[in-house]
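Only the coordinates and a few stated rules stand behind these numbers; no lab work does. Please read all numbers here as calculations on a predicted model, not as lab measurements.
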Amino acid sequence: MDHSKMEARIASGHSATGTGAAANAGSDDKGVADVGTAAALRPQLRAARTAMSEDQRAQANDRIADYLDDWAVQGLTRPMRKGSAQRVLAAFWPLGPEPDLRDWLMRQSADPELMLALPVVVERDAPLVFKRWWPGAPMRDGAYGIAEPDHDQIVTPDVMLLPALGFTAQADRIGYGGGYYDRTLAGFDVAGRKVQTIAVAYACGLLAEGTHVPAPHDRRVDAVLSETGWTPKMPV
């Protein structure tokens, strides 16, 4: 699978089975925006991440999992929803060279106070929904070829781990440009639902001060986690 093309489809809103020029576009964002915007920065961020070796990614994934283990003990303190016996943690299934949290999720699935969930794209330009995940849960390839739960158990997260292509020291997140997480979080705001947000990225995605100019609709996350630690600090 050409993951740069898959990321481009996410940005354009076209599914993995879409047709036409946008559906078949590569990862080149030249001419889309001025230097400093997320669209202009994505090609170099993709290149930096792709340049990591498999061993480097594996080591980085282990370090990220170590930080998440500490956070699960010290920082995963978001209140449970009224009437719920479990805190809902939404994570993500890796697309290509994204950070891979699957081993960590397998371990966390044993926590009786934690319910795990994964995002599902239900339609183009719509917010995500989240479906419960557990080891052995039925899965299918979703709209962008990303594995998603294949059942009807929709849940609302208390905490979200979001994939990030790039990030700043102020916890601005750069994704793939599809806007799915921004729309989802905006919907939670309208509903009065406070959700803690943590972007997960590799350290090569950290942008120098002043490099990125966030758009008005871009949402800053509560923290970013990479293999080098928390930015700006571990959330509680």
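Here are a few things to note about the model shown:
- Distant-in-sequence amide H partners of Met139 (H built 1.01 Å from N, under 5 Å): Asp150
- Amide hydrogen neighbours beyond the local backbone of Val200, cut-off 5 Å, H modeled: Leu162, Ala164, Leu225
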